[in-house]
Amino acid sequence: MQSRDDDLRRAARTLAEVVVESSAAAFGGLERLACRQVRMLDARLGDTLAFLDSTPPAGAAEDLQTMWTRGLALARDNLESGLDIGHDAFEEVVRTQQDIGRLVRSGFERAAATAEVV
């Protein structure tokens, strides 16, 4: 009976370790994604501020045409960056879920090897 209790205790400890490893993987994925989002936002904000800083005073129609073209290009770049980060987020979530799945699977296999549960 003592041996069985020890086996179950070891199996429970193994599963607890899996939970910790899974949480670490989830937080790691979240951290990577947040860092990418912050870098993208920083770049887009820098470009937007540079655009706004370079606007000439109200004047000639050529200036308006130039600003319109640059503004549209900036809007397109911002949209593309937003879509890219959304795609990156989806990839990171899938990758993290796959990592967690592998961790859980190996944890259950280790726990099963540790204790023969009836």
Can you pull out every residue in the range 9-43 that is of a type in the set (Asp, Glu) and either touching a strand residue (DSSP E or B) at 6+ places or on another chain (Cβ under 7 Å) or under 19 Å from GLU92 (Cα atoms) (or both)?
GLU21, GLU31
Taking the condition out of contact with any strand residue (DSSP E or B) (no Cβ under 9 Å at 6 or more places or on another chain), in a helix (DSSP H, G or I) and within 30 Å of LEU74 (Cβ to Cβ), does GLY46 pass?
yes
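This table checks each residue for (1) among the polar types (S, T, N, Q); (2) within 18 Å of ARG102 (Cβ to Cβ).
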position: ASP7; (1), (2): no, no
position: ARG13; (1), (2): no, no
position: ALA16; (1), (2): no, yes
position: VAL20; (1), (2): no, yes
position: ALA24; (1), (2): no, yes
position: GLY28; (1), (2): no, yes
position: GLN37; (1), (2): yes, no
position: MET40; (1), (2): no, no
position: ALA43; (1), (2): no, no
When residues of the range 13-46 are limited to those that are more than 30 Å from SER106 (Cβ to Cβ) and touching a residue at least 24 places away in the same chain (Cβ under 8 Å), the one surrounded by the fewest Cβ atoms within 10 Å (Cβ to Cβ):
ALA43
Answer yes or no as to whether LEU64 is more than 28 Å from VAL38 (Cα to Cα), of a type outside the set (Gly, Ala, Ser), in a helix (DSSP H, G or I) and in contact with an Asp or Glu (Cβ under 6 Å, 6 or more places away or on another chain).
no
Please go through (1) charged (D, E, K, R); (2) at pLDDT below 90; (3) surrounded by 11 or more Cβ atoms within 10 Å (Cβ to Cβ) for ASP84 and return the number of the only condition it doesn't satisfy.
(2)
Kindly indicate whether ASP63 is of a type in the set (D, E, K, R) and farther than 28 Å from ALA112 by Cα.
yes
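The values are calculated or read from the model by the stated rules, or taken from the named source; none is laboratory data. What you see is a predicted model; the values in this text were computed from it and never measured. Counting neighbours? That spans all protein chains shown, and the Cβs are built from the backbone with ideal geometry, glycine included.
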